[in-house]
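> The following block contains the structure, expressed as structure tokens.
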């Protein structure tokens, strides 16, 4: 099976820089990576190869905001009738 991801340590070895420098590139948004958990980061090999050729990803901003309108789920709908189980 082919490998799909590099660890930051593997990417640092390829680039001949420190692990911290790779993590800094990731945190600045210069190097594309996936945060699996707070302690695990993976760099897709395809994205890493593109990055080495000069492609720079566009960082998307994500914001969490309250809903713009109140959503009434089930408004005006009747409640379903309870079904009685019949013992056989």
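> Can you give me the number of residues within segment 35-66 that are surrounded by 12 or more Cβ atoms within 10 Å (Cβ to Cβ) and at pLDDT below 90? Steps first, please.
First, pick out the residues of segment 35-66 that are surrounded by 12 or more Cβ atoms within 10 Å (Cβ to Cβ): 41-45, 47-48, 50-52, 57.
Next, from what is left, pick out any that are at pLDDT below 90: 57.
Count: 1.
> Inside segment 7-29, can you point out the residues that are assigned to a loop (DSSP other than H, G, I, E, B), on the phi < 0 side of the Ramachandran plot and surrounded by fewer than 13 Cβ atoms within 10 Å (Cβ to Cβ)? Steps first, answer last, please.
Pass one, segment 7-29, residues assigned to a loop (DSSP other than H, G, I, E, B): 7, 16-18, 29.
Filter again for on the phi < 0 side of the Ramachandran plot, leaving 7, 17-18.
Listed by number, the list holds a single entry, 18.
> Which residue pairs have Cβ atoms closer than 7 Å, lie 6 or more positions apart in sequence or on different chains, and pair a first residue in segment 53-64 that is under 16 Å from residue 26 (Cβ atoms) with a second residue that is surrounded by 10 or more Cβ atoms within 10 Å (Cβ to Cβ) and at pLDDT 70 or above?
56/30; 57/32; 59/29
The values are calculated or read from the model by the stated rules, or taken from the named source; none is laboratory data. A quick note: this is a predicted structure, and the numbers were derived from the prediction, not measured. Note that we place each Cβ from the backbone using ideal geometry, even for glycine, and neighbour counts take in every protein chain shown.
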